[in-house]
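Engineer: Sending over a structure as C-alpha cells; questions will come in a sec.
The values are calculated or read from the model by the stated rules, or taken from the named source; none is laboratory data. Just so you know, these numbers come straight off a predicted model, no measurement behind them. Note that each Cβ is placed from the backbone with ideal geometry, even for glycine, and that neighbours are counted across all protein chains shown. Note: areas computed on protein heavy atoms with side chains; ligands, DNA, RNA excluded. Shrake-Rupley method; radii C 1.70, N 1.55, O 1.52, S 1.80 Å.
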Amino acid sequence: MAASWHVPTWFHQSQAVLDKAYFTPQSEYYGVYQVEDVYEMWKNTLAYPASATVLSALVLSLQFISLAPPVKRLHAKLTKSEVSSRPGEDVEAVGADGQRPSHIARLGGPVIFAFKTARLLCTLALLALSIASLAVNGTDDSSEDSYNPRWIAFGIIGTYAYASLLTFIHAAFVLLVTWGVYVYRDLWPLATFTLQPVDADEGLFIWLKISLLTLAAVVIPLFCPRRYVPIDPKDPMPEPNPEQTASIFSMSIYTFLDGIIFKAYRMPHLPWEELPPLADYDYAKNLVKRSFPHLDPFKVFKKQHIFFGFMRVFRREYILLSILLLIRVAATFASPIGIYRLLDYLETDGENTVVRPWVWISWLFLGPLFGSMAIQYYVFNTTHMLVQTEAIITQLVFDHALRIRMKSDPSESPSASRATTAIHTPDNASIAEAAHGSQESSTASNGSEDETVRASNASTASAKAKKGKDSKKADEKPAAPGDGPAAGNLIGRINNLVTTDLSNLVDGRDFLFIVLYAPAQIIISVVFLYAILGWSAFMGMAAMILLFPVPGYVASIIQGVQKEKMKKTDARVQDVTETMSVIRMIKLFGWEPKVTDQLAKKREDELKYIRKYKILELVNGNVNYVIPIVTMVATFVTYTVIMGKELTASRVFSAMSAKVSLDRVTEFLHETELLDEFNEKDAASVEAVVPPRTTERDVIGIRDASFTWSNENDGSMTPGPNRRNFTLRIDDELVFKRGKVNLIVGPTGSGKTSLLMALLGELHYIPTGPDSYVSLPRAGGVAYAAQESWVQNETIRDNILFGAPYDEERYKKVIEQCALKRDLSLFDAGDKTEVGEKGLTLSGGQKVTIARITLARAVYSSAEILLLDDVLAALDVHTARWIVDKCFKGDLLRGRTVLLVTHNVAMASPIADFVVSLGTDGRIASQGTLSKVLAKDKKLSAELAEEREEMKKAEDQVDHVEPDDESAPKKSDGKLIVAEEIAEGHVSWPALRLYLSSMGGAHSFIFWLAVIGFLFVCEFMGIFQTYWLGFWAQQYEDHSQSDVNVAFYLSVYNGILLIGITMYCTSFLVYLYGALRASRSLHKTLLQSVLSATLRWLDKTPTSRIITRCTQDIQCVDGPLANTLGWVIELTVSMLMKFLAVVSFSPVFTIPGAIVAAVGGWCGQIYMKAQLSVKREQSNARAPVLGHFGAAIAGLTSIRAYGAQDQFRKESYRRIDRYVRAGRTFYNLNRWVSVRIEALGALFAACLAAYLVYGSHARAASTGFSLNMAVGFSGMILWWIRILNEFEVNGNSLERIQQYVTIEQEPKPTSDGIPPAYWPASGSLRVEKLSARYTPDGPRVLHEISFDVKAGERVGIVGRTGSGKSSLTLALLRLIFTEGKVYYDGIATDSVNLDALRSHITIIPQVPELLSGTLRQNLDPFSQYDDAVLNDALRAAGLFSLQSETDEGRITLDSPISSGGSNLSVGQRQILALARAIVRQSKLLILDEATSAIDYETDTVIQTSLRQELGKDVTILTIAHRLQTIMDADKILVLDAGHIAEFGSPSELLKNEKGMLRALVDESGDKDALYAMANAAASAN
C-alpha cells in the first residue's frame, strides 16, 4: 500500500504492450508476419534505416533544386523580394578577409573537419563490418526477420555507403535512426528480466557495430563544434561568440562558458572588455532589422497591440520553448515514477517485475537531468529573448521619440482631448495648454504627481480607459469641456517606459508556464491518479474545479492593487525625478526638510499598496497550497496534485503587470502626437481640401498658414481669461533672404521661437489657402542653436563637432569667433573638459560658455542655413559685440543664410539684411530692410533708441574680459563626471547590515527570532506530515483495512497542515512588516543623504545616477531584494530539516550528503564570483543607455534640426550593444550553475535509492520517506544557491544605495542650531575674514574678506569674470567650504542650521529653475499661503504690468509651467523668482542679475520692483554685470581675484582716482550718466 503514494507511468502501461507484442519468444512470434507483402518489410525494424536514407536523399535533392537560379528568381517574383543569397554563401566564396578559403575552412575549420573525418572512418568501418557480417553469417531465412532478409542486409549496407558519401552534410540523421533501431533490438532487452537481444547470434560483430554507431551517430554529433554562419555575409564577426560555435553537448551543459567563469573566479573584478564578444544576431542594428517590420508603427500599417508584433518576431523561439516545456513536464514525473516503481519492487520482492531496478535508479538520475537540460535551455532562450526585447523596446521608444512633437501627454477622455500642452517653448505664450478653472481648488499637492498611470475622475468609468495612460494629475478634477492634461514631464514619462515598464515586461516573459506548463501538469497528474486510485481521483478533480475560481478572484484583486501600486510608484518616481533635476534650487532655498516630508508622503502611499499586494500574494499562496490539500481530503488520498507548488503567484502576476506595461508601450507608439511629417499618412483627406506643405522649393519661407503647438488645437476651445493658447499666423508671404543675415524681432512672447519651430516642422501646420506652403530647404544642411542651450554629457570639443569630422583650422576659427578661447583657458583641460547633463561645469560665471558652445556647434557645422534662437541673450555686451563683429561678419558665416531671433536689435542691426518684426498677436507687424521696418513700426524704433542707450551704458560692463585673452595653465583630464564606482566581490557587510538592521528596527533580536522560529515549526510540520502519511500507509500493511481508523489519521493530518499554515503566515507577516520598515527607512535615509550632500558632490554626479538609485534600486529593495532574502531564509531552514530527516533514517548518508552540499557550494561560489562582476557591469552599462536616451529626448528639436537622428540612433545602438553583451553573459552564467547543481542533486537521490534497494533492509514506508526527503533536498540545493546568488545580485542595489548614504554631507541640523523665532528681524549682514574653497583641500576662491551691510541697504557686487562673485553668494549660503564669520542679523550663520539659514535668504539665480506644475505650486510649493498673498507678490514683482487683464496669453496662478520652466522666457522666470522672494519675505535677497537675457520693458519692470516693492528693511545684494543697474545703490563692493578691492558708496568710490570702480566708469561710453546716477543717489541718501 505504501506504493500508492507515488504515481505510475505511461511506461508501466506500455510495458504490457511491449511484453505482449514485441518481446514474446521468437518461436511464437514468427506467425505474426502472415500479412500482405507491402506491409511485411516494415515489420522488420532493420528496414527503418534504409527508409531514413531515402527520406534524406529526397530532402537533399529538394535543397539543391531550391538553390538553382531559376527557382530563386521565381521565388523572388512570387514573394516580391530580392534574390537573396544563402547566409554565409558570399563568405564561403570569398572569405571574410577577401581571400578564397581553403576546402577545410569551407567545411568549418580544422576541428570540425577532424570530427567529420572521424565520422567518415566510423561509417567506412561499419560498411566493412556489415559486408563482412553478411559474408560470414549469410542470411538465415528461418530467422524472425525472414521477409527478404537479403534486401534488408543490402539496405543496411546502402545506408552506411550513403552515410560515408555524405559524411560532411546529412549523415547524422541517417546514422541516428540506425543507432536507435539497434538500441531497441539489442540494448533494451538487457534492462529487463524477460528479454534477450535480437541480434545476439552475430556475436562480437554486433557489439562492435553498436560501439561504432554510438560513436558516429551520438558522440561525434554531440561533441562536434557548430559552424559559424554570419547573419550578414558581407559583415561577418572578426571573432564569433563561443555560443555560436559550441557543440550540442557544450550548449546543453554550457561548457562554452567555462573559460569566462574560471577567468572571473581568478580575477578580483572581471572588466567588460573581457566578456565574450557579442553574437552578431544580438547587435542592435540586426535586432532592428529583424523586429521593426513587425513593431514600428511606421512599418506596420494596421494598428495592433505590440504583443502580437513580438509574437511574430519571436515565433520560432516560442515554438521551441513550447516543446522544451513539454519535455520538462514529462521529466518532472521521472522521480515520482522511479520511486513508485522501486517501492513496488521492494513491496513485492521483485515478483512479476519486468524492468530491472537499476533502470529506475538511473531514471531517478537521468529524468531530472534531462528535465534540467530542457528547462535550462528554455530559460537560456527566454533570457536571450529578454535581453533582445529590452534592446528592441529601448530602440523602438527612442526611434518613436524622435518623431513626437514636444508637447504634453495623450489626452485622457473625449472631453479632454481638445488641447494639449507644449513643453519646450521658450516663448511665453507659445503653448497650448489647459488651465483648470480657478474656482476649483487644487487637489494635488504637487504638479508632478502622477506621471504614468492616470485616471481622471472623468475617465475612471471606462475600465479599458486607462491600463496605463501616461498623463499628469497636476490638478485632477472632472474634466470640463476644453480641459486637457497639464504639461507633463515628457522625459520622465518616456524614461519610465524604458525602466519600470521594461522590468515589468521582463518579469512577465514566462506566460507559457500559465498557458501550457500548468495545464499539461494537471492533465498528467489526473491521469496518474486515476491509474492508482480509480474513480476517487475524480472526486479530487471535482473539488479542484469547484475551488478553481478562487485563485482567479484573488488574481483579479491583485491586478487591481498592482495597477494602483504602479500609479503610486510612478507618482513617487516622477516627484523624485523632478526633485533631483532641481536639487540645486532646493538647496539654495533650504527646502530639504519639506521636500523630504513631501516625498515621504508619496512613499507612504506607495508602501500602503505594496503591503496590500504582499498580503494578497500570501493569500494567493495559501489558496494554491490549500486547493491540493482539499483535493486530497476529498479523495482520502495521500498524494497531492503537483499544480499547487508550480503555479506560483509571481508567475501569474508578473504576467499581469507585464500586460499593463505592454499596453503602455503600445499606447505610447500609437497615441502620442507626432510631427506633421509623420502624421501625413493620415492626412490624405486633408490634402483634398488644402495643399500639402511643400518643401521642394528653394526658398526659405511661409505663405498663408497658421501654426499651433498641438494638432488638436483647432480653435474649438472656449476662449477665456484662463486660456493660454498660442497661434502663429502668417497672412501673406514671408520669404527670408538666402545667403544673408535675417533678424526676427518682437516683444517677449510674440512667437519668435515659434516661427523658427514652424520652419523646422516642429509645429502643427494649418494651411489657410490653396497656395499655402512652408519651406526650409534641407539639402545643404540646417543648423540650429536653441535658446535653452542644449549640450550632451560629452567633452566641449565633442559637443561642438557634433559628429562632424575634425578640421583643425576651421575648429580654431570657430573657437575664436565664438569667443570661447578665454573660457577654454579657464578650464583645466581646455576643450577636453566634460560638460554635465545640464551644462553644469565648474563655476557660475562659466555657465555662459554653454550658450556659446551651442552657437559654436551651429557655426562649425557645414549647414547652409543657420537658425539661431536668441544666442546673444545670455551674453554680456562685450562678448555679444565680439560675436557680431568676428562671427556674424566673419568668413565662416559668409554666404550662409542666418535666421537670428534676437531682443538685442541695436547690437544686431549692423549685420541685418532683412528684418521680420512680430506683434504680440502672433502676426507679422512688418518685414523688409531695417530702415523700412523702423519707419513702419514706431514702437520698435523707440525700443531701438532705448537699446542704443543701454548699449552705451553697458560699455561699462564690469566683469568684461577680452574674449581671446588666454591666461590660465591647463592641468587635469577635465573629467567632471566621476566614473561610476564598481564594488568588487560579495555584497559588503555594511550594506547588508544597513538593510538587516532597518528590518529589525528597535527590536532586531525579537524580530529575527520570530521570523526564523515560526519557519522552523512550519518546516517541521511539513516533514512530519510526509512521515505521517507513510505511517498511515504502513497501517494497511500491518492491519486489515477495517482496523485502520481513518478519521483519526485524517484529523491528525489536517491538524498538522493547519499548524503548518498558521506558522508560515505568522512568519510571513512578521517578515513583511520588517521588509516594509526597511523600505521606508532606506528610502528616507537615501533621500536625506542626497538632499544634504555638498554642492560639489552634486555637480560631479550625473542626475541620472541619483535618479537610478532613488527609482530602480529602491524598487529592487521593495520587491526582489525583500523576496529573495525571505526565500533564502525559508530554503535554508527547509534544507536543514530535510537533510536531518534523511540522516536520521540513513545515517550512512551523512557523508555523501555533506559532499554533495560541499561540491554544490563550491560550484555556487565560483559562479557567484563571476555573476557579481557581470551583474555590476550590466548595471553600469544600463545607465549610459538611459543617460543618452534622456539627453536625446531633451534635445529632440536640435537633433531633428541638424538631421542628426541617424547619428543618435547609431550611438544608441553602440550603447545598447554594450549593455546586451553584459546582459547575455549575465543570464548565461545562471544556466551553467543550474545544470551542474541539478545533476548533483539527482545523483544524490539516485545513490540513496541504490543504497536503499541494494544495501539496506528498510521497510517500504521508511524507504519512501527517505527518498522523498532526499529528492526534496537535492532539488533544493540548486534553488538555494540560485536564490542566494539572486539575493547577492539584488544586494548590488543595496550597495549602490549604501554608496550614496555615505557621501560627503553638509552639517546636519541640531537642536542648538534652531535660531530664535524672531530671527531675522532685519537684513543686517556683517562678514569677517571670510575665506572659501570648493573642496576641502582645493585653492581658496575668497581670501579673508570683511564688510558690513546695514539692514535695508542695496549693495552692488562687481568684478571681472573669476573674481569670486558667484563664490561669495555660495559662501553666504554655506554651500561651499568656508572659514571666518558671517553675522546675519547679529547671529553667526555657522551656528544656525543650514535649512533655517537658507530658508531666510532668497537667491534669484541668472536662470531661475521652476518645477513642472502650476504657477501657484512654484510660488508656494508647500501650500503655506493663500492666493491673495501670491497675487500680491506677482503684482509687486511686475508681472501684471507686462500683461493686460484681457490678454489671451495672460499668466495666472493656474497657468501650467513645464519642467524647468521651459515654456516661459528667461525674463518671465526672473519675475516669478522675484515674486517667490517677495512671498518668502526674506530679509536678505541675493540677485544674480540676468538682465542681458531680458528685453528692455521686462528689465525696467524688474528694476522698478527691486527698488520700490520690497520692504525697507530688506537688504539686496546684486551681482551686477552692468554698471547702470547698481550706480544708484547704497554701496558697491568691488571684488578682484577673491579679495575686496574696494567697498563704499558709489559717489565716494568715484572720488578715488586710482580706484577700480572709477577706472571702470571712465572706460565706459556713458560716463556722464553714470556719474549723475551716483551723485543723485548720494544726495537722495
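Engineer: Considering every residue within segment 1372-1394, establish whether at least one is buried (at least 19 other Cβ atoms within 10 Å of the Cβ), at pLDDT below 85, touching a Lys or Arg at 6+ places or on another chain (Cβ under 9 Å) and not acidic (Asp, Glu).
Structural biologist: Among the residues of segment 1372-1394, not one is buried (at least 19 other Cβ atoms within 10 Å of the Cβ), at pLDDT below 85, touching a Lys or Arg at 6+ places or on another chain (Cβ under 9 Å) and not acidic (Asp, Glu), which makes the answer no.
Engineer: Tell me, which helices (runs of 4 or more DSSP H) lie completely within segment 293-355 with 1 or more residues that are within 30 Å of Leu1267 (Cα to Cα), open to solvent by 40 Å² or more (accessible area, probe 1.4 Å) and not aliphatic (A, V, I, L, M)?
Structural biologist: 315-332, 334-348
Engineer: Among the residues of segment 889-907, how many are over 43 Å from the mean Cα position of the chain (by Cα), buried (at least 23 other Cβ atoms within 10 Å of the Cβ) and either modelled with pLDDT of 85 or more or assigned to a helix (DSSP H, G or I) (or both)?
Structural biologist: Qualifying residue count for the region: 1.
Engineer: On the given criteria, is Phe1007 modelled with pLDDT of 90 or more, among the aromatic types (Phe, Trp, Tyr) and open to solvent by 60 Å² or more (accessible area, probe 1.4 Å)?
Structural biologist: So Phe1007 does not fit the description; no.
Engineer: While we're on this one: Conditions: (1) of a type in the set (Ser, Thr, Tyr); (2) modelled with pLDDT under 85; (3) closer than 30 Å to Glu351 by Cα. Ser164 meets all but one. Number of the miss?
Structural biologist: (3)
Engineer: Residues in segment 251-277 that are open to solvent by less than 10 Å² (accessible area, probe 1.4 Å) and out of contact with any Ser or Thr (no Cβ under 6 Å at 6 or more places or on another chain): how many?
Structural biologist: So the answer is 3.
Okay, residues lined up against (1) assigned to a strand (DSSP E or B); (2) touching a Leu at 6+ places or on another chain (Cβ under 9 Å); (3) of a type in the set (Asp, Glu); (4) at pLDDT 70 or above:
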position	(1), (2), (3), (4)
Ser909	no, yes, no, yes
Val916	yes, yes, no, yes
Ala925	yes, yes, no, yes
Ser931	no, no, no, yes
Glu949	no, no, yes, no
Asp956	no, yes, yes, no
Lys971	no, no, no, no
Gly985	no, yes, no, no
His1003	no, no, no, yes
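Engineer: Could you list all residues from segment 790-818 that are closer than 17 Å to Gly1203 by Cβ, open to solvent by less than 50 Å² (accessible area, probe 1.4 Å) and either part of a loop (DSSP other than H, G, I, E, B) or touching a Gly at 6+ places or on another chain (Cβ under 6 Å) (or both)?
Structural biologist: Trp790, Gln792, Phe802, Ala804
Engineer: Residue by residue through segment 1537-1559, note down the ones that are surrounded by fewer than 21 Cβ atoms within 10 Å (Cβ to Cβ), touching a residue at least 24 places away in the same chain (Cβ under 8 Å) and touching a helix residue (DSSP H, G or I) at 6+ places or on another chain (Cβ under 7 Å).
Structural biologist: Ala1541, Ser1545, Ser1547
Engineer: So which residues in segment 549-591 are open to solvent by 40 Å² or more (accessible area, probe 1.4 Å) and in contact (Cβ under 8 Å) with a residue 12 or more places away in the chain, if there are any at all?
Structural biologist: Val550, Ile557, Gln559, Lys563, Glu564, Lys565, Lys568, Arg584
Engineer: Can you spot a residue in segment 1049-1063 that is aromatic (Phe, Trp, Tyr), surrounded by fewer than 20 Cβ atoms within 10 Å (Cβ to Cβ), assigned to a helix (DSSP H, G or I) and modelled with pLDDT of 90 or more?
Structural biologist: Looking for residues that are aromatic (Phe, Trp, Tyr), surrounded by fewer than 20 Cβ atoms within 10 Å (Cβ to Cβ), assigned to a helix (DSSP H, G or I) and modelled with pLDDT of 90 or more, one finds none in segment 1049-1063, hence no.
Engineer: Quick check, is Lys832 modelled with pLDDT of 80 or more and under 16 Å from Gly1362 (Cα atoms)?
Structural biologist: no
The rows are residues; the columns are (1) crowded, with 17+ Cβ neighbours inside 10 Å; (2) in a helix (DSSP H, G or I); (3) out of contact with any Asp or Glu (no Cβ under 9 Å at 6 or more places or on another chain); (4) on the phi > 0 side of the Ramachandran plot.
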position: Ala1242; (1), (2), (3), (4): yes, yes, yes, no
position: Ser1266; (1), (2), (3), (4): yes, yes, yes, no
position: Met1276; (1), (2), (3), (4): yes, yes, yes, no
position: Arg1282; (1), (2), (3), (4): yes, yes, yes, no
position: Glu1288; (1), (2), (3), (4): yes, yes, yes, no
position: Gly1291; (1), (2), (3), (4): yes, yes, yes, no
position: Ile1297; (1), (2), (3), (4): yes, yes, no, no
position: Val1327; (1), (2), (3), (4): yes, no, no, no
position: Asp1337; (1), (2), (3), (4): no, no, yes, no
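Engineer: Go through segment 119-155 and give me each residue that's farther than 15 Å from Glu202 by Cα, at pLDDT 80 or above and either in contact with a His (Cβ under 7 Å, 6 or more places away or on another chain) or among the polar types (S, T, N, Q) (or both).
Structural biologist: Within segment 119-155, just Thr123 meets the criteria.
Engineer: Only helices (runs of 4 or more DSSP H) wholly contained in segment 566-659 count here; list those with 1 or more residues that are closer than 27 Å to Lys1100 by Cα and at pLDDT 85 or above.
Structural biologist: In segment 566-659, the matching helices (runs of 4 or more DSSP H) lie at 583-588, 592-635.
Engineer: Are any residues in segment 196-212 modelled with pLDDT under 90 and buried (at least 18 other Cβ atoms within 10 Å of the Cβ), and if so, which ones?
Structural biologist: Within segment 196-212, Val198, Asp199, Ile206, Lys209 qualify.
Engineer: Which of the residues spanning segment 1560-1581 are open to solvent by less than 70 Å² (accessible area, probe 1.4 Å) and either of a type in the set (Gly, Ala, Ser) or on the phi > 0 side of the Ramachandran plot (or both)?
Structural biologist: Ser1564, Gly1565, Ala1569, Ala1572, Ala1574, Ala1576, Ala1577, Ala1578
Engineer: Can you tell me how many residues in segment 1502-1521 are open to solvent by 20 Å² or more (accessible area, probe 1.4 Å) and either over 22 Å from Leu1325 (Cα atoms) or at pLDDT 75 or above (or both)?
Structural biologist: 8
Engineer: I'm checking my understanding of the structure. Among residues of segment 221-250 that are in a loop (DSSP other than H, G, I, E, B) and under 18 Å from Arg1218 (Cα atoms), which one is most open to solvent (accessible area, probe 1.4 Å)?
Structural biologist: Step by step, filter segment 221-250, then rank; the result is Pro238.
Engineer: Filter segment 1082-1106 down to the residues that are under 25 Å from Ala1194 (Cα atoms), β-branched (Val, Ile, Thr) and at pLDDT 85 or above, then identify the one that is farthest from the chain's Cα centre (by Cα).
Structural biologist: By that ranking, first place goes to Val1090.
Engineer: When segment 272-292 is examined, which residues are found to be hydrophobic (A, V, I, L, M, F, W, C), more than 17 Å from Asn1180 (Cα to Cα) and part of a helix (DSSP H, G or I)?
Structural biologist: Those that are hydrophobic (A, V, I, L, M, F, W, C), more than 17 Å from Asn1180 (Cα to Cα) and part of a helix (DSSP H, G or I): Ala284, Leu287, Val288, Phe292.
Engineer: Under the condition of being outside any strand (DSSP E or B) and under 17 Å from Leu1372 (Cα atoms), which residue from segment 1311-1325 is nearest to the chain's Cα centre (by Cα)?
Structural biologist: Only one residue fits best here, namely Gly1313.
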